[in-house]
Structures are given as structure tokens and as C-alpha cells.
Amino acid sequence: MAFFSRLKSGLAKTKANFLDKIASTVGIHKKIDEELLSQLEKTLLEADLGVTATEKILNGLKERVKKEKIEASDKIIGLLKEEIGKLLDSSGTTSTTVGTAKLRVIMIVGVNGNGKTTSIGKLANYYKEQGRKVLLAACDTFRAAAIEQLEIWAKRAGAEIVKNQPKADPAAVAFDAIKSAVSQNIDVVIVDTAGRLQTKVNLMEELKKIKKVMGKALPGAPHEILLVIDSTTGQNALSQVERFSQAVEITGIILTKLDGTAKGGIIIPIVSELKIPIKYVGIGEKIEDLEVFEPREFVEALFE
Amino acid sequence: MFTELSSKFDKIFNKLRGYARLSESNIKEALKEVKVALLEADVNYKVVKDFISSIEQKSLGQETFKGVKPGQLLIKLVYDELVELLGKENKPLRFSGTEPTVFMLTGLQGSGKTTTCGKIAKFYEKKGKRPLLVAADIYRPAAIEQLKILGKNLKIPTFSQDAKPLKICREAFEHAKQNGFDLVIIDTAGRLHIDEALMKELAEIKSELKPQEVLLVVDGMTGQDAVNIAASFEQKVGIDGVILTKMDGDTRGGAALSIRAVSGKPIKFIGVGEKTDALELFYPERIASRILGMGDVVSLVEKAQESIKIEEAEKLEKKLKGERFTLEDFYDQLQQIKRMGPLESVLGMVPGMGKFKGMEMDEKALTKVEAIICSMTKKEKVSPNIIDGSRRKRIASGSGTSIQDVNKVLKQFAMMEKMVKNFQKMDLKKISKMFSLVNYSQ
């Protein structure tokens, strides 16, 4: 299973930290007691799960320990796995409308510096490998050299690119890109947008406009809007998901930089509280370091 | 910045208002909520624990004084602890005596190094330095190009070369020496702190160039991992200080609290916007009062001094003292406020502003107001009461807005006018008294 093993190696650091702590805790405490639970609380909080999700998991754990009369501490990892799995599953469905449109338009949004452009390069490669014709739209006309950066990725992935001058209207670039994709029989258009903090009202308005204009170029576009989140982000990721969802309808999340020591625990409250599915994870700097996210396997890889 | 955290604190302290004195039980209750607020703000778990137990100990022996409410007493304790945690004072960056000074910026990918390089260069250029930007990020696609464009926009030269980072830095330093640059700012590639090879590269550059300051750039939205990142960079490269970026969003900024506490490294600057001048020196006391929603009057006054011209201020003072306040003055004032930097960061310094949770500032809205005022005739600006229905219609279509927008501006102006009238009646001693009430630390 490619995802599983690759994720496992990508997650090596993440996992080592996460598990070592739990394992050593379990080693010291033979019985499930308050001390062990407070150690678990610490581990979960330090993995960025946040106060609410941590409480939810621990309460679920306590309830089961009581109900099923579990005493031995080595059972705790299994229980924890199930509880976290439950939360990651609670979004119900992780697949969104695939749609029947011949041309698929994917819009990528997010705050500054979380890896949007790199993820687009990887995503382009992912679709190219499936034999699709891919076109990238350079709609980050704001940041210095963002267009050049996307061009390099387009070359690496063997994708077409539509661009304009820096400071050009991003909505116009998106429009041109989709029109050009239709005439060139392209299968997938991936639209890069400038990074923006979710509290900047005018920039969020701009995002709405880009989306609207895309719909004018091709009814139904964009078919997917993916929010990129850096896995080192803390609780602010929740605000990012909320605010970006309010502006444009987010259909899924790309979680990047999972190859660091950050545990990416923030995805648990994102999925369980905000019900937005994780679609892909980025686990390295190479073009093939992008994987489709599978919640169950993610939990397994975290504990394996 | 910090508005979420300060509104949480506000609620917690308000609850204590009803009690006559601090007891063990009401402190425990409040501190439990402080703990959750800090954790939700991404403050490191260990730091939170120490923070709480320290306050708990200090608060127990505390007698409440006559006239001091328990809530206020706890605020003071939390404030003192925050200042302690944030590092008390801001020490300026070090400069070399003879040779060019070298600053080296390091950090994870996407933390904002390149943008911050430009901001720092501009910050010190304003203070009379001659900075040179050095593009040592040879890995990320178009990173060199990005720094070059940034430099071009700022009119600050950029040094780049097709070579290994160490060689680039070495040559850049020589170039600086020969061409009269006295400040070399190195933009290094973003890297994961667990990437041994790339961390070694940084250590090599450091040992060769001996920078006066190695600065770690950290995304202000970073979660619990912030302390690991800071600790690794300190251990493998050795850092002198930290710059927190993207602090202009709604991040609760817990990373600021934990990095200093865990690594012992001071926070030097915070990035508060995308514009090249959106960089502020980090003052622990001021930040602590912002976190607690007490505002930051000192920074506000400094900002005003920097950006408001003396003649303008004198003109305004005259207006405030006696003359009539017109829409033209209103317009002038908007221009001055805009010059002070991003609106959110300016408002964050105003005492009590933290309480307006979820208040969002739209700079575009200001542009609208400007357009509306510009579409008025001179007569209308001086005596706005002549603006009737048909004039409103004309102004709206002239400024590309709606009649409702025009109404709103006129209403805002009427309120302003009233405030100015009150201000004229008030004496200045009263105002300064008002501000000192806000400063609980005294």
C-alpha cells in the first residue's frame, strides 16, 4: 500500500515523538489512572489537537475504561486509536462531488507561506501521472516572483501555464486560463491564488470575485476549492478554515509540511468540529511528495 | 493581533468583579480559564503550566488593598508574569564597529524570511544604514528572483550569484566591504529543523561570516511545535533572537509567549502586514498590555510622531481648540491615520479596542470614505448640512458608491463633530488621567 508506507516514512518524526511519549507514559504506569490520563492530555495538547478535541478524546476514553472495566495500561493505545479514528471519521463522507464535467477546475487558497505553489506543482504532477492534460493559472499576481515560481513547477510537472504581468487582475487571469483550457482540450486547471490572512476583508472579497469570474468562464467552475494548511499551524488553523469557508466554499484541505516534527494534530478538530475533509498531505519537497489522505490509514500510521 | 486572547481575559477578569477579595477557590476557577485561554492561543503546554502555578503562588499571599478589586489584582499579577515571560525589555540588534554588520535570517519554509529581509533592510535604511540584501536561497524555485524584485521595489541593492550559499555569502561580504555597504542581510533557504545537511550549511555560513545577529523567523500562527523549532535552531546553529511574522491576522500569538520562555531567546521584531514597513520592534511590556486588552498608548504615540507632520498636528490642534471641524479636516485625518500603518495594528494599540471582538478593519472602506468626500463641492465640505437628497444622489454617483454609503459617512462625520466639540470642552489633564487609569502596572 503506497500511501501507508510512504506516509509512514514521512511521518517517522511525527510518529516517533508522538508515540514515544505515550509509550514511555504507558511503561511507567501499569494501570490506567489519573496520572496516566493527565500525561495523555499533555501529549494530545502538545500535538496541537486543541482543548476541545483533547477533552472529547479523553472523555470517550474514560467512559470506555469505566464501562468495559479496562485496567491494564497497555490497552490504552488501541483505545486512543479508536477514539481519534472516530473523530476523523465523524465528517461522514470525505469524498466530494466528483462531477461529470470534462474540464475540472481546482482553486487553491490559503494564508501566506503555507506551501500553496509547491502543492500545486505536486498536484499537477499527480494528475499528469494519471495521463491528464494539466494547465496552471498563475493568479498570484501579488507576491514578488510568485509567477516565476509557478512557471518552474509547471515545467517540472510538464503542465501548461497561463500567466499575466505582476499586479494584473487575478480574476482576469483565471478567466483567460479557463477559456484557454477549454480550447486546448485540457482536463484539469489548477488555479494558484495569492496567500492572504483570513482576516483581511478586502482580500477575501477578491477571492470571492475570482471564484465568481471562473463560474462565468465555465459554468460550474471551480469544481473544487482546496484550502492549504501548514501542519505546524496551531489553533489558528480553525479560524483559517472557518473564514475561508465563509468566503468561498472549501471542499477539502491539503495539509502540508507533515515531514517536520509538527504532529498536524490540528486536523482532528478541523475534521470533527468543522466537518471539512482532508484531501491530500504533503510530506516532502520533491514533486511526488503528495499523497491522497486516508483517515484510517493516517491514524494507523500514527500509531504503527 | 492578540484580540482573541485579550477578549478571553477580559471575560475571565470580569467574572471576578463581584468578589470582595481573592480566595483560593475563586482564583483557582479563574486560573483554570486562563489556562484554557492560553492553550487555545497555542502557548506551549509546559509554559502554561509554569505560568499558572507561578501566579497561583503569588496570588495566595496577596492582600487586597482598599479600592483594588480582585479582578484588577489578578490582572496585575498576570500582566507582570506576561512581561516576565516575554523578556522584560527590547534590546536593540547589535552592530559591528568597523566591518559591515551581518544579519542572517533563518527559519522553516514559508515563515516569511524573504519578506522580512526586505522589511529589516528598509527599517535600518531609514535609520541611516546602507543595507545590502543577499540571496542565499538557491533551493526554492524563484526565491532569488523574489528577493531581487523586493530589493528593486525598495531601491535596495541585492547580491546574487550562481554558486553555493557559503560562497555567495562570502563574496557578498567582500562586495559590501568594497562598495561601502555597512549592513549585510542574508536571506537563507527555508529548511526543516530536522534536515541535518541543510542545518550544517547554516552553521558553516555562521562560523565563516560571524554574523552580529542570527535571527530565527517564525510564523506567528505556529502551534505547539514552535518551541521544538526554536530549540533545534538554537542547538544546531545558534540563534540570537526571533522575529515573529504574520501577527496581523487573528492569531492569538501564543508562539510569542512560549519561544522566549523555552529558548531564552528574545523576540526582536514582529511582522504586522504585507507592506514593506509593516515591521515593529517587540516591546514585552507593550505587548503584554495589548494581550490584556489594555492597549499600547506608548507605541501609538510613537507611531503618530513618526508619521504625522508637525504642521499638520498644529493645524489640527488649532481646529480642536476652537475652529470648526469640517469634512476637509476629516479627510486630512484619514490620510494621517493611513500613514501610520495597517489600520488593524494601529487600532490594536488603542486601549479598550481589544474588547471589540471580531471587529474587522477594511482598508477599502476607508478608500470609499475618501472617494465620497472627494466628490463633494467645497461648499458641501465646509457646511455639510446643505447636503440634501439630490446632492447625496450626485455624490453617490460621483464616487461610485450608494446613497446609503454617503449617509453613513455623513453620520460618522456628525459623530466626529460632536466628539471634537466635547474635546474642546475637556482639559488635557483629564485626558492624561484617563490614559493612566488604563495602565494597571503602576
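Post the alpha-carbon centroid distance, the range B:229-245 to the range A:43-90, in whole angstrom. Computed from Cα coordinates, the inter-centre distance equals 34 Å. Summed over both chains, the contact between A and B buries some 3600 Å² of accessible surface at a probe radius of 1.4 Å. Given a cut-off of 20 Å, name the pairs among B:91/B:127; B:88/B:338; A:200/B:152 whose C-alpha atoms lie farther apart than that in the structure shown. Where the Cα-Cα span goes over 20 Å, the pairs concerned are B:88/B:338; A:200/B:152. Among the residues of A:44-50, the average count of other protein chain beta-carbon atoms within 10 Å of the residue beta-carbon is 4. From the P(r) of the range B:101-294, could you give the percentage of C-alpha pairs in the tail past 27 Å? The proportion of pairs with Cα distances above 27 Å equals 24 percent. Solvent-accessible surface of the range B:101-294, taken per residue with a 1.4 Å probe and all protein chains present: 33 Å². With 23 Å as the limit on Cα-Cα distance, the pairs of A:211/B:148; B:210/B:265; A:211/B:411; A:116/A:212; B:8/B:76; B:148/B:200 that go past it are A:211/B:148; A:211/B:411; B:148/B:200.
3J(HN,Hα) along the range A:53-60: 5, 4, 4, 4, 5, 5, 5, x Hz, from the Karplus curve 6.51 cos²θ - 1.76 cosθ + 1.60 with θ = phi - 60°, whole Hz, x for Gly and Pro. Can you flag which of A:263/B:155; A:209/A:257; A:56/B:46 are past 31 Å Cα-Cα? Table pairs above 31 Å Cα-Cα are A:263/B:155.
Within the same chain, aspartates and glutamates fewer than 8 places from residue B:58 are excluded, and of the rest, those with a Cα less than 20 Å from its Cα are B:24, B:29, B:33, B:50, B:80, B:81, B:84, B:285.
The values are calculated or read from the model by the stated rules, or taken from the named source; none is laboratory data. These figures come from a predicted structure and were not determined experimentally. All Cβ positions, glycine included, derive from the backbone under ideal geometry; neighbour counts span all protein chains shown. Calculation scope for accessible area: heavy atoms of the full protein, side chains included, ligands and nucleic acids excluded. Shrake-Rupley method; radii C 1.70, N 1.55, O 1.52, S 1.80 Å.
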